[in-house]
1. Does residue 75 satisfy the criteria of being surrounded by 12 or more Cβ atoms within 10 Å (Cβ to Cβ), part of a helix (DSSP H, G or I), modelled with pLDDT of 95 or more and within 13 Å of the chain's Cα centre (by Cα)?
2. Looking only at residues in region 1-10 that are touching a residue at least 24 places away in the same chain (Cβ under 8 Å) and surrounded by fewer than 17 Cβ atoms within 10 Å (Cβ to Cβ), which one is nearest to residue 61 (Cα to Cα)?
3. Going by the conditions given, is residue 70 in a helix (DSSP H, G or I), over 22 Å from residue 11 (Cβ atoms) and out of contact with any strand residue (DSSP E or B) (no Cβ under 9 Å at 6 or more places or on another chain)?
4. Could you check how many residues of region 39-58 are without any contact (Cβ under 8 Å) to a residue 24 or more places away in the chain, loosely packed, with under 15 Cβ neighbours inside 10 Å and in a helix (DSSP H, G or I)?
5. Of the residues that make up region 18-26, is at least one at pLDDT below 95 and closer than 15 Å to residue 110 by Cα?
6. Check off (1) surrounded by 15 or more Cβ atoms within 10 Å (Cβ to Cβ); (2) in contact (Cβ under 8 Å) with a residue 60 or more places away in the chain; (3) under 26 Å from residue 147 (Cβ atoms) for residue 64 and give me the number that stays unchecked.
7. Can residue 102 be described as touching a helix residue (DSSP H, G or I) at 6+ places or on another chain (Cβ under 7 Å), without any contact (Cβ under 8 Å) to a residue 40 or more places away in the chain, surrounded by fewer than 17 Cβ atoms within 10 Å (Cβ to Cβ) and part of a helix (DSSP H, G or I)?
8. Looking at 84, 76, which one is on the phi > 0 side of the Ramachandran plot and either in contact with a helix residue (DSSP H, G or I) (Cβ under 8 Å, 6 or more places away or on another chain) or free of Cβ contacts under 8 Å to residues at least 60 places away in the same chain (or both)?
């Protein structure tokens, strides 16, 4: 069995792993900005709650989101490099790829906000975090439409 045959036979496993990792990563990307909303809005009212929010945010990022993002990328790249699965003359792999890169950038942005919150240097309001919560939704729509319709 050559490498191409091996990759093609492992494709269903990579795809399954990719889907599970994406679901976990997206759950974190939806939830973390919401945690930031509560952190910012409740910190003014209940000072003792800040360490609890910091712990929740840190664990979500380190233990769920980061590993899920890495597995998403590894399984996704495995599928991309499986011969015959992607027609690079189509637009959809490019829109999906750009959206995944943007999603990764958003993840990095959230990590920076987490550091700011931990250092007591937050500059965003609860309303701004609520608006940021829509970013992963928009990117998810682009990714899903790209993959399903394969324009």
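1. no
2. Only one residue fits best here, namely 10.
3. Judged against the criteria, residue 70 is not a match.
4. 6
5. No, there is no match, as no residue in region 18-26 is at pLDDT below 95 and closer than 15 Å to residue 110 by Cα.
6. (2)
7. yes
8. The conditions single out 84.
The values are calculated or read from the model by the stated rules, or taken from the named source; none is laboratory data. Because the structure is predicted, anything quoted here is derived from the model rather than measured. Methodologically, a virtual Cβ is constructed for each residue, glycine included, from the backbone with ideal geometry; neighbour enumeration extends over all protein chains shown.
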